[in-house]
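First up is the structure itself, then whatever we jot down about it.
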Amino acid sequence: MSEWIKSHNDGVILKVKIVPNSSKNQLSLLAEHLKINIIAPALENRANQELIKYLAKTFKLKKKDIQIISGEKVKFKQLFINNNSVENIKKVIYEVVNGQS
């Protein structure tokens, strides 16, 4: 299984690296984590809020279904996506990375 994603209880844990102050929101897949460029700055929790908003839109989920479980104040984070499967999340990520979404 990939190091950046794993099944956990009723959802999925993702390892991500956030790059705030980017020119656009964008997702890249690396061997050990997802790299997510976020347009918001890393001030007053704005990058975290934009991250959750972007992923909710990307995965077609409600924002409440995505939680930062570690790394809230650093670039490397672990996210929990509730009520989802590794297969579904991987499918969406591969589509986004390959430009199909």
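The values are calculated or read from the model by the stated rules, or taken from the named source; none is laboratory data. What you see is a predicted model, and the numbers here were worked out from it, not measured in a lab. With ideal geometry, Cβ positions are generated from the backbone for all residues, glycine too; neighbour counts draw on all protein chains shown.
Table: residues versus (1) of a type in the set (V, I, T); (2) modelled with pLDDT of 95 or more.
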site	(1), (2)
K57	no, yes
L61	no, yes
I66	yes, yes
S70	no, yes
F76	no, yes
L79	no, yes
N83	no, no
V97	yes, no
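Just one of the numbered conditions (1) part of a helix (DSSP H, G or I); (2) free of Cβ contacts under 8 Å to residues at least 60 places away in the same chain is not true of N21: (1). For the range 23-55, taking the residues that are more than 12 Å from the chain's Cα centre (by Cα), aliphatic (A, V, I, L, M) and modelled with pLDDT under 95, the one that is surrounded by the fewest Cβ atoms within 10 Å (Cβ to Cβ) is identified as A31. If you filter the range 68-98 down to residues that are under 18 Å from K53 (Cβ atoms) and β-branched (V, I, T), you find that the one that is surrounded by the fewest Cβ atoms within 10 Å (Cβ to Cβ) is I69. Selection of the range 53-86 for residues being closer than 13 Å to H8 by Cα and assigned to a helix (DSSP H, G or I) yields only V86.
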